[in-house]
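Reading through the structure tokens given below for one structure.
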Amino acid sequence: MNLTEKINRDLKEALKSNDKIRLQTIRSIRAVILEFEKSGSGKKLNEEEEIKLLSSAAKKRKEAIEEYKKANRDDLATIEEAELTIILSYLPKQLTTEEIINKVKILANELGAKTKEDFPRLMPSAIKELKGKADGKAIKEAVEKVLGVN
């Protein structure tokens, strides 16, 4: 079952159960998918594109959570956290910080990356390897930690 089919099925379930936050979140994901399909770019919605769209939506929620917490709007942050949880359920299982660091260490050994000068070589490989499994910010922090960049 592809993402579009899963979203449509879950949309019906959310309507039946009257789960407003789930319904709102699924509708927003569906809107992003429809926008992509109608963009005229000629690209097909494959698994890689699905992960890219969902990761982007998750990133927006994470940024909104940070901003709401800075503004002491915990009520809005809670809604964004609930939406983020729903979005993450459609993405592949996210790696823990420790797992990310371990994978980056393996990549660093393969590439012979040891110092901060190797960052431009290691970072693209790490992103490619961990795409959809970890947040870009977490990957960057792991690469910096492995290379000793401060």
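Every number in this text was worked out from the coordinates using simple rules, so none of it is lab data. What you see is a predicted model; the values in this text were computed from it and never measured. We place every Cβ from the backbone using ideal geometry, glycine too, and count neighbours over all the protein chains shown.
Scanning segment 32-72 for residues that are out of contact with any helix residue (DSSP H, G or I) (no Cβ under 7 Å at 6 or more places or on another chain), farther than 22 Å from Leu130 by Cβ, surrounded by 11 or more Cβ atoms within 10 Å (Cβ to Cβ) and not charged (D, E, K, R) yields a single hit, Leu34. Restricting attention to segment 111-143 and to residues that are of a type in the set (Asp, Glu) and either touching a helix residue (DSSP H, G or I) at 6+ places or on another chain (Cβ under 8 Å) or surrounded by 15 or more Cβ atoms within 10 Å (Cβ to Cβ) (or both), the residue that is farthest from Glu99 (Cα to Cα) turns out to be Asp118.
Of all the listed residues (Lys105, Lys93), the sole one being part of a helix (DSSP H, G or I), at negative phi and out of contact with any His (no Cβ under 7 Å at 6 or more places or on another chain) is Lys105. Annotation note: Cβ proximity below 7 Å between a residue of segment 105-120 that is under 15 Å from Ala142 (Cβ atoms) and in contact (Cβ under 8 Å) with a residue 24 or more places away in the chain and a residue that is of a type outside the set (A, V, I, L, M) and part of a loop (DSSP other than H, G, I, E, B) (sequence gap 6+ or interchain) occurs for Lys116/Gly148.
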